[in-house]
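Input: a single structure, listed below in structure tokens.
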Amino acid sequence: MAALGWITPRKRSATARSVLAGEAAAEAARKTALENAESAETTEGAESAEPDFPVVGDVKAAAFFDLDNTVMQGASLFHFGRGLYKRHFFHKRDLARFVWQQIYFRVVGSENPEHVEDARNSALSIVKGHRVSELMSIGEEIYDEYMAERIWPGTRALAQAHLDAGQKVWLVTAAPIEAATIIARRLGLTGALGTVAESIGGVYTGKLVGEPLHGPAKAEAVRALAAAEGLDLARCAAYSDSANDIPMLSIVGHPYAVNPDSRLRKLARERGWRLRDYRTGRKAAKVGIPAAAGVGALAGGAAAAIALHRRRR
């Protein structure tokens, strides 16, 4: 540990939270994966197009997919928030604040601790006092209402190729583990690594276990899951659209940039990582967000937030 003496207490604390978040996500993912295997659904409407790269069956290999803008168009937490608002989990006066926090965090990609903390507390306050089982039940409805039609067929085909080769496929996302697990199950994937909110007696406390599964925490979650599953990361693949996921992409042997933002696209070219872009419109690729058709809900939410803000002034 002497070699870490130069690290400030604040950085050590952040690293510890990332490790804790990663380990909690891995533990939750393995539990829900077993449940998914017992109640697997046949996914309808998924494209069966063959990917243009080889996937070799290997029990020591698995694939890890980021969710937002990699597997799904737009931000899953935003869509989840829309569904909760519809069900009166929070009031109209809170809508603009919630929408802008999630859009800012996802599109701008801010690593400002204050912004991250504010977005985290906003999301946690919404579910505090609610039962986990309630969120899981509602999450199924929200998936059908807002998410099912936003899955990228191209990325879905990549995931299916790994499954067809006998490999496990995991979502890795900052979205709540409950929402991530539902999405993984509905897509026929193995399971999901997501942000773990603390619950006691099946009721949310309004606290997190560690921190949001974002950036370095994703890499820690993948490492923890790989160790538990007996995987060789050098033989694993990871997919993401965001430069925030460079830590996760860097620890596997086969990293892929899917619908990449400008920073990730540049790095992928420098490092020789494979690129896949399923968006329409080059402007989207330049600014690092989905094409206009792909962020209809996101844009709609922004417009709603602006309208609410103006009416309240």
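The values are calculated or read from the model by the stated rules, or taken from the named source; none is laboratory data. It should be emphasised that the depicted structure is a prediction, and the values quoted were computed from it without experimental measurement. Counting neighbours? That spans all protein chains shown, and the Cβs are built from the backbone with ideal geometry, glycine included.
When 194, 215 are checked against the criterion of being in contact with a helix residue (DSSP H, G or I) (Cβ under 6 Å, 6 or more places away or on another chain), at pLDDT below 95 and on the phi > 0 side of the Ramachandran plot, 215 stands alone in meeting it. Within region 203-221, does at least one residue satisfy the condition of being buried (at least 18 other Cβ atoms within 10 Å of the Cβ), under 12 Å from residue 63 (Cβ atoms) and among the hydrophobic types (A, V, I, L, M, F, W, C)? No: region 203-221 contains no residue that is buried (at least 18 other Cβ atoms within 10 Å of the Cβ), under 12 Å from residue 63 (Cβ atoms) and among the hydrophobic types (A, V, I, L, M, F, W, C). Taking the numbered list (1) at pLDDT below 90; (2) surrounded by fewer than 16 Cβ atoms within 10 Å (Cβ to Cβ); (3) in a helix (DSSP H, G or I) in turn, residue 285 passes all entries but (2). For residue 223, the criteria (1) in a strand (DSSP E or B); (2) in contact (Cβ under 8 Å) with a residue 60 or more places away in the chain; (3) out of contact with any Asp or Glu (no Cβ under 6 Å at 6 or more places or on another chain) hold in every case but one, which is (1).
Condition check ((1) modelled with pLDDT of 95 or more; (2) part of a helix (DSSP H, G or I); (3) crowded, with 16+ Cβ neighbours inside 10 Å) across all residues:
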| residue | (1), (2), (3) |
| --- | --- |
| 102 | no, yes, yes |
| 110 | no, no, no |
| 115 | no, yes, no |
| 121 | no, yes, no |
| 163 | no, yes, yes |
| 169 | yes, no, yes |
